[in-house]
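*Asks:* I am attaching a structure below and will ask some questions about it afterwards.
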Amino acid sequence: MLDFFTIFSKGGLVLWCFQGVSDSCTGPVNALIRSVLLQERGGNNSFNHEALTLKYKLDNQFELVFVVGFQKILTLTYVDKLIDDVHRLFRDKYRTEIQQHNALSLLNGTFDFHSDFMRLLREAEESSKIRAPTAMKKFEDSEKAKKTVKSMIEFRGGEKPKEKAKSNKKNKGAKKEGPEAASPASKGAPTGKPDVPVSSGDGVELSKEELMRKKREEFMQKHGRGADKSSKSSKSDAPKEKGKKAPRVWGLSGRANEVLDYSPPTTNGTPETTLQEDINLIRGTQAGGQLQDLDCSSSDDEGVTQNSAKPSATKGALGGMFGMLKGLVGSKSLSREDMESVLDKMRDHLIAKNVAADIALQLCESVANKLEGKVMGTFSTVTSTVKQALQESLVQILQPQRRVDMLRDIMDAQRRQRPYVVTFCGVNGVGKSTNLAKISFWLLENNFSVLIAACDTFRAGAVEQLRTHTRRLSALHPPENHGGRTMVHLFEKGYGKDAAGIAMEAISFARNQAFDVVLVDTAGRMQDNAPLMTALAKLIAVNTPDLVLFVGEALVGNEAVDQLVKFNKALADHSMAQTPRLIDGIVLTKFDTIDDKVGAAISMTYITSKPIVFVGTGQTYSDLRSLNAKAVVAALMKA
């Protein structure tokens, strides 16, 4: 049973709605719009929201969306057929009202579609009913039962005794009557081998295998040994030149007018006259003068060839010009066949730029669903239309659903008189401590005080590294430049301590000392290490930071996507809270090492819908950038 079926325009006007089991379809449909339609993630035409499964179909020509919702535990095989039938009938029935493209006409229009929908629903349900199982085929009905025992008996030599006697008698006095008559064995054949008749006109039933074997033996007797004899005879008939050939006379000897080519007038064993006839034959069979580069021996042939090539060339030039205009002018709606070759090239291009293969396939499928049935603009080609749609989709993917504005959130925390807490996590060696120092420098430049919590109590030298960064940052922003206020401070308790307890003490210290921001550094850990992921989930659950940033490097490509997905899943699995806290944003480091292969950024944001907050582009404190979606997409689409 369906929960609901709704039809609405891409402008947000609900044209018709069917309420089944569910009381309201507002929540699931809004989630579909926010998570799929607005984020260009319409690759598989299916979306799961809580206990519901939503399937949808886009009509790009009339800007309509058809959505059906049903329980996730149900297996409704008729849903795809139903949504196609409803789409076809609705657009055909209300084509005039929809084509006006007027919001008032859509609001004032009466879309009485309930009876038609119930009829289509009954037809779809009846077509999906389980049919009675077909009866098993009996042995009497099989081909094996129709064979006789006599036909299944095999004899040595491929012939039966009676058949052998008849064939010998027949071959002695019979004349050859057509190609199907039996032929005696050649003289070169051994006497012990029986003659093989081709036809079965003697009344004996032969199976397909026996007939095939006999035909094969006859073919070998006819052509196999005959070819050997012919080849031997040709070798023996060839005359052998005896005696010494006359010496060649070169041009320096005074006989300059004599021809030096003593080879016979043949080309690869074929006379030149025959070769010339073949060339003329090929030229006559090819259309459009495709062999114009071949030299002709006579001037008449050349004139005929040129005359016959002129109209075809003129026709080809006109056809190419009009074909180009036909490809440019938007005269018909786009279909899957029109976009298939372009989308294949786009998919290969995305994969070459480090986008994951399955994500590139989903992106191209989403673009195809978005453009299918849409009428092209005037003077626009299929390639430019598909490329522009793909660029818009990539920009939309990189723009987050939830914008992370740290400066605004920090000022909001200041009004509440509490520190703003940021936690950094990631695998080993991605640059968590270095980028923490870069973000500290950025916050200091914006006149915010920073407390760095050294919660990496495992890696040797982690605390000393942060102490060095704190000393350098304090030299760049000394207290005397800020009215005697300490702008950056390191909170550390050494090694081997509980990271969650150190973070809690650091947040309490920052609240007492009126620090604006607390940056919590954690130890690097692999995403498959359950004990360390449990400790990280405990640190986040106990201290409830305002922002959880995952630090990943762009250099590893799609491996960063796997790390991000497993980190997010591990935080959900190992959290003690009922609503676990997950990753809020991404810091993509080493972005300057990948040139224009920026596909990892697309993959990471597409998989988890997490925004890329910062991008690391170098080694100094100022090498920190915010993500520019259009610049990344321009680098990605560059050939």
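For (1) over 29 Å from residue 603 (Cβ atoms); (2) within 19 Å of the chain's Cα centre (by Cα), each residue gets a yes or a no:
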position	(1), (2)
389	no, yes
399	no, no
405	no, no
411	yes, no
414	yes, no
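*Asks:* Output the residue which, of all residues in the stretch 66-82 that are open to solvent by 40 Å² or more (accessible area, probe 1.4 Å) and modelled with pLDDT of 85 or more, is nearest to residue 37 (Cα to Cα).
*Replies:* To start, the set of residues in the stretch 66-82 that are open to solvent by 40 Å² or more (accessible area, probe 1.4 Å) comprises 71-75, 77, 80-81.
Retained after the next criterion (residues that are modelled with pLDDT of 85 or more): 71-73, 80-81.
Values: 71: 21, 72: 20, 73: 24, 80: 19, 81: 22 Å.
Of everything passing the filter in the stretch 66-82, 80 is nearest to residue 37 (Cα to Cα).
*Asks:* Test residue 402 against the criterion of being open to solvent by 60 Å² or more (accessible area, probe 1.4 Å) and either over 30 Å from residue 347 (Cα atoms) or outside any loop (DSSP other than H, G, I, E, B) (or both), and give yes or no. Before the answer, list the steps.
*Replies:* On the way: open to solvent by 60 Å² or more (accessible area, probe 1.4 Å): yes; either over 30 Å from residue 347 (Cα atoms) or outside any loop (DSSP other than H, G, I, E, B) (or both): no.
Taking the combined requirement at face value, the residue does not satisfy it.
*Asks:* Here's something else I'd like to know. Quick one: is residue 594 surrounded by 16 or more Cβ atoms within 10 Å (Cβ to Cβ) and more than 27 Å from the chain's Cα centre (by Cα)? I'd like the intermediate steps shown before the answer.
*Replies:* Working: surrounded by 16 or more Cβ atoms within 10 Å (Cβ to Cβ): yes; more than 27 Å from the chain's Cα centre (by Cα): no.
So residue 594 does not fit the description; no.
*Asks:* Looking at the stretch 1-35, which of its residues are open to solvent by 60 Å² or more (accessible area, probe 1.4 Å), under 25 Å from residue 609 (Cα atoms) and in contact (Cβ under 8 Å) with a residue 12 or more places away in the chain?
*Replies:* 10, 11, 34
*Asks:* Out of the residues in the stretch 534-562 that are part of a loop (DSSP other than H, G, I, E, B) and modelled with pLDDT of 90 or more, which is surrounded by the most Cβ atoms within 10 Å (Cβ to Cβ)? Break it down into steps so the answer makes sense when it comes.
*Replies:* From the stretch 534-562, those part of a loop (DSSP other than H, G, I, E, B) are 544-546, 557; that's our starting set.
So of that shortlist, the ones also modelled with pLDDT of 90 or more come out as 544-546.
Values: 544: 12, 545: 20, 546: 18.
Restricting to residues being part of a loop (DSSP other than H, G, I, E, B) and modelled with pLDDT of 90 or more, the top hit is 545.
*Asks:* Return the pair list, or none, for Cβ contacts closer than 7 Å from residues in the stretch 80-100 that are free of Cβ contacts under 8 Å to residues at least 60 places away in the same chain and on the phi < 0 side of the Ramachandran plot to residues that are part of a helix (DSSP H, G or I) and among the charged types (D, E, K, R), at least 6 apart or on different chains.
*Replies:* Qualifying pairs under 7 Å: 89/116; 98/91.
*Asks:* State whether the residues of the stretch 446-459 include one that is in a helix (DSSP H, G or I) and either at pLDDT below 95 or open to solvent by less than 60 Å² (accessible area, probe 1.4 Å) (or both).
*Replies:* Going through the stretch 446-459, the residues in a helix (DSSP H, G or I) turn out to be none.
No, that holds for no residue.
*Asks:* I'd like to verify a number: residues in the stretch 60-85 that are within 22 Å of residue 1 (Cα to Cα) and touching a strand residue (DSSP E or B) at 6+ places or on another chain (Cβ under 6 Å), how many? Break it down stepwise before answering.
*Replies:* Step one: list which residues in the stretch 60-85 are within 22 Å of residue 1 (Cα to Cα), which gives 65-85.
Next, only the ones that are touching a strand residue (DSSP E or B) at 6+ places or on another chain (Cβ under 6 Å) stay: 65-70, 72, 76, 79, 83.
Total satisfying the criteria: 10.
*Asks:* Can you tell me how many residues within the stretch 475-501 are over 17 Å from residue 620 (Cβ atoms) and either at pLDDT 95 or above or not in a helix (DSSP H, G or I) (or both)?
*Replies:* Here is the first cut: in the stretch 475-501, the residues over 17 Å from residue 620 (Cβ atoms) are 478-487, 489-501.
With either at pLDDT 95 or above or not in a helix (DSSP H, G or I) (or both) added as a condition, the list becomes 478, 483-487, 489-498.
Number of matching residues: 16.
*Asks:* For the stretch 46-65, name all the residues that are touching a residue at least 60 places away in the same chain (Cβ under 8 Å) and surrounded by 19 or more Cβ atoms within 10 Å (Cβ to Cβ).
*Replies:* 58, 59
*Asks:* Is the stretch 475-492 home to any residue that is in contact with a helix residue (DSSP H, G or I) (Cβ under 7 Å, 6 or more places away or on another chain), of a type in the set (A, V, I, L, M, F, W, C) and without any contact (Cβ under 8 Å) to a residue 40 or more places away in the chain?
*Replies:* Taking every residue of the stretch 475-492 in turn, at least one turns out to be in contact with a helix residue (DSSP H, G or I) (Cβ under 7 Å, 6 or more places away or on another chain), of a type in the set (A, V, I, L, M, F, W, C) and without any contact (Cβ under 8 Å) to a residue 40 or more places away in the chain.
*Asks:* Could you tell me whether residue 617 is over 20 Å from the mean Cα position of the chain (by Cα) and among the polar types (S, T, N, Q)?
*Replies:* On the way: over 20 Å from the mean Cα position of the chain (by Cα): yes; among the polar types (S, T, N, Q): yes.
For residue 617, the condition - over 20 Å from the mean Cα position of the chain (by Cα) and among the polar types (S, T, N, Q) - is met.
To keep it simple, each residue is scored yes or no on (1) within 20 Å of residue 632 (Cβ to Cβ); (2) surrounded by fewer than 18 Cβ atoms within 10 Å (Cβ to Cβ); (3) in contact (Cβ under 8 Å) with a residue 40 or more places away in the chain; (4) touching a Leu at 6+ places or on another chain (Cβ under 9 Å).
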{"residue": "512", "(1), (2), (3), (4)": "no, yes, no, no"}
{"residue": "564", "(1), (2), (3), (4)": "yes, no, yes, no"}
{"residue": "567", "(1), (2), (3), (4)": "no, no, yes, yes"}
{"residue": "570", "(1), (2), (3), (4)": "no, no, yes, yes"}
{"residue": "588", "(1), (2), (3), (4)": "yes, no, no, yes"}
{"residue": "606", "(1), (2), (3), (4)": "yes, no, yes, yes"}
{"residue": "610", "(1), (2), (3), (4)": "yes, no, yes, yes"}
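*Asks:* Taking into account only those residues within the stretch 124-147 that are surrounded by 10 or more Cβ atoms within 10 Å (Cβ to Cβ), part of a helix (DSSP H, G or I) and of a type outside the set (A, V, I, L, M, F, W, C), which is modelled with the highest pLDDT?
*Replies:* Among those that are surrounded by 10 or more Cβ atoms within 10 Å (Cβ to Cβ), part of a helix (DSSP H, G or I) and of a type outside the set (A, V, I, L, M, F, W, C), it is 125.
*Asks:* Is one or more of the residues making up the stretch 83-98 modelled with pLDDT under 85, in a loop (DSSP other than H, G, I, E, B) and among the aromatic types (Phe, Trp, Tyr)?
*Replies:* yes
*Asks:* Something else about it: Against the definition (surrounded by fewer than 17 Cβ atoms within 10 Å (Cβ to Cβ) and either out of contact with any helix residue (DSSP H, G or I) (no Cβ under 6 Å at 6 or more places or on another chain) or at pLDDT below 80 (or both)), how does residue 43 come out, yes or no?
*Replies:* Values: surrounded by fewer than 17 Cβ atoms within 10 Å (Cβ to Cβ): no; either out of contact with any helix residue (DSSP H, G or I) (no Cβ under 6 Å at 6 or more places or on another chain) or at pLDDT below 80 (or both): yes.
No: the conditions fail for residue 43.
*Asks:* Residue 581 is checked against (1) in a helix (DSSP H, G or I); (2) buried (at least 16 other Cβ atoms within 10 Å of the Cβ) and fails just one. What number does that condition carry?
*Replies:* Unmet for residue 581, out of (1) in a helix (DSSP H, G or I); (2) buried (at least 16 other Cβ atoms within 10 Å of the Cβ): (1).
*Asks:* Between residues in the stretch 377-398 that are in a helix (DSSP H, G or I) and open to solvent by less than 60 Å² (accessible area, probe 1.4 Å) and residues that are of a type in the set (Gly, Ala, Ser) and at pLDDT 85 or above, which pairs lie under 8 Å by C-beta distance while being six or more apart or on different chains?
*Replies:* 393/366; 394/629; 395/629; 398/601; 398/629
The values are calculated or read from the model by the stated rules, or taken from the named source; none is laboratory data. Since the structure is predicted, the reported quantities are computational estimates derived from the model, not experimental observations. Don't worry about glycine lacking a Cβ; one is built from the backbone with ideal geometry, like all the others, and counts go over all protein chains shown. To get the accessible areas, we keep the full protein, side chains included, count just its heavy atoms, and leave off ligands, DNA and RNA. Shrake-Rupley method; radii C 1.70, N 1.55, O 1.52, S 1.80 Å.
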